[in-house]
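Here the structure is laid out as structure tokens; the discussion comes afterwards.
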Amino acid sequence: MYRIVNTKLKFYTASPKYLVSGGTDGTVRIWDIATSEEMTILRGHESQVTSVAFTPDGKLVVSGSEDGTVKIWDLTVDHEVNRFLGHRNWVTSIAFSPDGKRLVSRSSDGKVKVWDAASGIEVMTLSGVKGDYSGSVAFSPDGRRIASPGAEGAIKIWDVETGAEFMTFGGLEESVHCLALSPDGRRLVSFNKDGMIKLWDVVKGEENMTLGSDQWVYSFAFSPNGERIVSGGRRTNKVWDVTSGAELLNLIGPEGSSSRSVVFSPDGKSIAAAYTGGRTARIWDAVTGMELMTLRGHGDVVTSVAFSPDGKRLVTGGMDGKARVWDSSTGAELLTLPADSSVDCVTFSPDGKTIASGTRGKTIMLWDSTAPADGYEPRKIAEAARKIVDELYDKLSLYHDVIDKLVADKTLDESVRKVALQIANSRLWEDGEKTE
């Protein structure tokens, strides 16, 4: 477990060994997922880092900040290799194109900018974006389009090559509250604050249909094949057919509750939902609507749910300060992961071996997702090493003395010694202590 003041985090999905985070202290940090240890601190921003991302090959990291700059860092040498200047206010979101050649950034100055990732040259500025602090931006799966919420509740899509506005969804009277993009990037579902659920054809730029809704919607998810949508609302989860717009299922949750998080299993056969009432999560049959199981164990509202990539496990987060891992076929609780405060979001790493959770205590926690009997050794080593380093710093204070003691101690297990040296080195840079 480690504690940082953080706003954004991303796994490097091509080789899920590392995590990048951006903090309110203006730093970008790289973490080793296996040991939970900080590997690198990248300094250069003058204000809070609001967005971070790896390049597809994992060699570069891009960061956006409230200081209005976008920076690219070379991880092989741990320093900034490019800086993108042009925004006049906070950079709220950034994303690489699938091929890594271009970068798109969004700012609260009301601009979306496209950059050449190698040179840092601004390729184009896209207009028509609402200037706020919550806007996001994304490339389509084929890299040919950019999507972002626009002004007055619209969702805008631009052509990457020409910069021309490809289409606008709506121009809705109320702002968009939540949305989801289909796995193939061809459809989009949105819910705006006037209570309308709309399904859009991203290719044609047309509204396909409006789905009936008698309740507020907090979350959406597409099925893996893109043929169905599940919504999370007040007490109920509804499943819709994307082609016909027909309501297929109405799943009734605990009385007086809302479903703030909902997800399909990777095979599309099950739906998991988190509920504010009843302190439960439930798993449903996505075809029949039958409730398969109720997961009880949280001491407060369940805030979030996520399936493991193989669908065999489910992780839930709760306001009781716990993340819990469940067997999705039996409902058995496999792990309880204690946090420092309410767990508001959870996710599995792409290989399913690690769980990341975010809390209201401004803490990011990484956990080994397997049961203790299946391999907690790396975590145990990291915990032992951290304890040793803490004790040495309490006694000796100086970095050189701590390192000398770690090297000289013949009783230390070599695996523990190696991790302890990494921890001590990371603290050197964090504390700003310089060697002579």
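Go through region 241-284 and count every residue that is within 24 Å of GLY226 (Cβ to Cβ) and more than 25 Å from the chain's Cα centre (by Cα).
Total meeting the criteria: 11.
Could you grab me the full set of residues in region 314-347 that are surrounded by fewer than 21 Cβ atoms within 10 Å (Cβ to Cβ) and in contact (Cβ under 8 Å) with a residue 60 or more places away in the chain?
Within region 314-347, just ASP340 meets the criteria.
Consider GLY311 against the criteria (1) crowded, with 16+ Cβ neighbours inside 10 Å; (2) in a loop (DSSP other than H, G, I, E, B); (3) modelled with pLDDT under 90: it satisfies all of them except one. Which criterion is unmet?
Every listed condition holds for GLY311 apart from (3).
Residues being in a strand (DSSP E or B) and farther than 17 Å from GLY299 by Cβ: count how many of those fall in region 265-279.
So the count comes out to 4.
Please go through region 389-436 and give me each residue that is touching a Ser or Thr at 6+ places or on another chain (Cβ under 8 Å) and modelled with pLDDT of 80 or more, ordered by number.
HIS400
Out of the residues in region 155-193 meeting the condition of being modelled with pLDDT under 75 and aliphatic (A, V, I, L, M), tell me which one is farthest from VAL263 (Cα to Cα).
LEU172
Assess whether ALA373 counts as being at pLDDT 75 or above, of a type in the set (Gly, Ala, Ser) and more than 19 Å from ALA272 (Cβ to Cβ). Please lay out each step first, then the result.
On the way: at pLDDT 75 or above: no; of a type in the set (Gly, Ala, Ser): yes; more than 19 Å from ALA272 (Cβ to Cβ): yes.
No.
The values are calculated or read from the model by the stated rules, or taken from the named source; none is laboratory data. Not measured: the values here are computed from a predicted model. Positions of Cβ are backbone-derived with ideal geometry, glycine not excepted, and every protein chain shown enters the neighbour counts.
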